[in-house]
Amino acid sequence: MRYALIGCGRISPNHIAAAQANQLEIVAVCDLDKRNMRDKELKFELGESVHQYTDYFEMLQKEKPELVAIATESGKHAKIALDCMDYGCNLIIEKPIALSIEDADQIIEKADRLHLKVCACHQNRFNKSIKKIREAVEKNRFGRMFYGTAHVRWCRDHEYYDRANWRGTWEQDGGALMNQCIHNIDLLRWMMGDEVEEVVGMTDRLHHDYIEAEDLGIALIKFKNGSYGIVEGTTNVYPKNLEETLYLFGEKGTVKAGGQSVNVIEEWRFSDMLDDPEEIKRQFHENPPNVYGYGHTPLYADVIDAIKNDRKPYVDAEAGKRALELVLAIYKSSSEKSIVKFPLENCTTTDFKGKFE
């Protein structure tokens, strides 16, 4: 399967490694900065058969890839995705899938109309720990779900934002919730039944006065099934990343996933006593080298299989929209000091320009 990557920045090594692990035919990489492409060429020994482009339209015309991964700045995801689909490309889109509800809807509609597969790159759904927890949810081992909480307590310093001037801007990124916390927000919504009734949120910029968006976000969520959710996300933790955790509390079960990127089961308690909690904690424990985890490779495998067997990817464009919608709803609630009802319509990150000025 012919594969190309657009965007060769911070997350691109995970995409290239996943493409190689799944034996895709990497035909091209594309980036406005030739140094980024050269760096990946050397790191992954791509060779001369992998062509380099600074214009993705030229790449699409000449290389005709079947699968394209988009790993540019967030604000460009939607336009590039829509353009790629005009060339018949299936897509893996780095999170967030877009920065507006309208753009996410356009991606979903176009993919359906052209019979193309679009995957939102929420790779933590493929963590061994998360797959085990999801299995318990689907088997109703929790009974009635009471509430769940998602915490991302990380550090992002001045140097991080200096390395890419789009970071922390409303037009191209958003803040801690949209960039750093959206994976865990996706997991919380997914585990708690997906359907949200209303959200109330607060955001602030406490420490990073050189960015436009928030470095702290807190929210309360009411799901349509009667359960509740709590989100806490920040990039203000001193002096380095502390944790990313997901808690689920049900009538008959309690689970905690932790570690760098919810890749460790730290608590496993169920009334049915079907398994040994200590064995579960030992078996479902991964120690990835960074917060990106090991999920990209199985995510790629799933997308390849979805294309070959004409089915939806495990994490489809609709899932990407749901995670985006929840973050935007928190922003809207904070900005308007109101409870936001779902579904959310006509909302984008640029609606909140100047919020902290």
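The values are calculated or read from the model by the stated rules, or taken from the named source; none is laboratory data. None of these values were measured; they are calculated from a predicted model. Note that each Cβ is placed from the backbone with ideal geometry, even for glycine, and that neighbours are counted across all protein chains shown.
List of remarks:
- Complete set of residues in the range 334-350 that are more than 21 Å from the chain's Cα centre (by Cα), buried (at least 21 other Cβ atoms within 10 Å of the Cβ) and part of a helix (DSSP H, G or I): Ser334
- Screening Trp170 against (1) part of a loop (DSSP other than H, G, I, E, B); (2) surrounded by fewer than 17 Cβ atoms within 10 Å (Cβ to Cβ) leaves a single unmet condition, (2).
- Test: residue in the range 271-280 that is closer than 27 Å to Trp154 by Cβ and in a helix (DSSP H, G or I): yes
- Taking every residue in the range 146-166 that is part of a helix (DSSP H, G or I) and pairing it with any residue that is of a type in the set (S, T, N, Q) and crowded, with 18+ Cβ neighbours inside 10 Å, at least 6 positions away or on another chain, the pairs with Cβ-Cβ distances below 9 Å are Tyr160/Thr235.
- Ala319 crowded, with 20+ Cβ neighbours inside 10 Å, of a type outside the set (Val, Ile, Thr), closer than 26 Å to Gly143 by Cβ and touching a residue at least 40 places away in the same chain (Cβ under 8 Å): yes
Yes/no matrix, rows are residues, columns are (1) of a type outside the set (Ser, Thr, Tyr); (2) out of contact with any Lys or Arg (no Cβ under 9 Å at 6 or more places or on another chain); (3) outside the structural domain of Ala19 (by TED's automatic domain parsing):
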residue: Ala71; (1), (2), (3): yes, no, no
residue: Gly75; (1), (2), (3): yes, yes, no
residue: Ile80; (1), (2), (3): yes, yes, no
residue: Ala98; (1), (2), (3): yes, no, no
residue: Ala104; (1), (2), (3): yes, no, no
residue: Lys110; (1), (2), (3): yes, yes, no
residue: Arg134; (1), (2), (3): yes, no, yes
residue: Tyr147; (1), (2), (3): no, yes, yes
residue: Tyr161; (1), (2), (3): no, no, yes
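- Long-range neighbours under 9 Å by Cβ, at least six apart or interchain, first residue closer than 15 Å to Ala257 by Cα and in contact (Cβ under 8 Å) with a residue 24 or more places away in the chain within the range 269-288, second in a strand (DSSP E or B) and of a type in the set (S, T, N, Q): Phe270/Thr254
- Filter result for Glu94 (crowded, with 21+ Cβ neighbours inside 10 Å, of a type in the set (Asp, Glu) and under 21 Å from the mean Cα position of the chain (by Cα)): yes
- Members of the range 79-109 found to be in contact with a Leu (Cβ under 7 Å, 6 or more places away or on another chain), under 13 Å from Lys321 (Cβ atoms) and part of a helix (DSSP H, G or I), listed by number: Ala81, Ile101, Ala104, Gln106, Ile107
- Applying the condition of being surrounded by fewer than 22 Cβ atoms within 10 Å (Cβ to Cβ) and not in a helix (DSSP H, G or I) to the range 290-312 and asking which residue is farthest from the chain's Cα centre (by Cα) yields Asp310.
- Just one of (1) small (Gly, Ala, Ser); (2) at pLDDT 95 or above; (3) in contact with an Asp or Glu (Cβ under 8 Å, 6 or more places away or on another chain) fails for Ser261. It is (2).
- Residue in the range 71-82 that is surrounded by the fewest Cβ atoms within 10 Å (Cβ to Cβ), counting only those that are over 13 Å from Ala111 (Cβ atoms) and not hydroxyl-bearing (Ser, Thr, Tyr): Lys79
- All of (1) on the phi > 0 side of the Ramachandran plot; (2) out of contact with any strand residue (DSSP E or B) (no Cβ under 6 Å at 6 or more places or on another chain) hold for Cys155 with one exception: (1).
- Meets criteria (more than 18 Å from Met191 (Cβ to Cβ) and touching a strand residue (DSSP E or B) at 6+ places or on another chain (Cβ under 9 Å)) for Lys256: no
- Among the residues of the range 333-346, at least one is at pLDDT below 95, in the same structural domain as Leu246 (by TED's automatic domain parsing) and out of contact with any Phe, Trp or Tyr (no Cβ under 7 Å at 6 or more places or on another chain).
- The residue that is farthest from Gly143 (Cα to Cα), among those in the range 225-244 that are out of contact with any helix residue (DSSP H, G or I) (no Cβ under 8 Å at 6 or more places or on another chain) and either of a type in the set (Lys, Arg) or buried (at least 20 other Cβ atoms within 10 Å of the Cβ) (or both), is Lys240.
- Failed item, numbered, when Thr254 is tested on (1) surrounded by 17 or more Cβ atoms within 10 Å (Cβ to Cβ); (2) more than 26 Å from Thr169 (Cβ to Cβ); (3) free of Cβ contacts under 8 Å to residues at least 40 places away in the same chain: (1)
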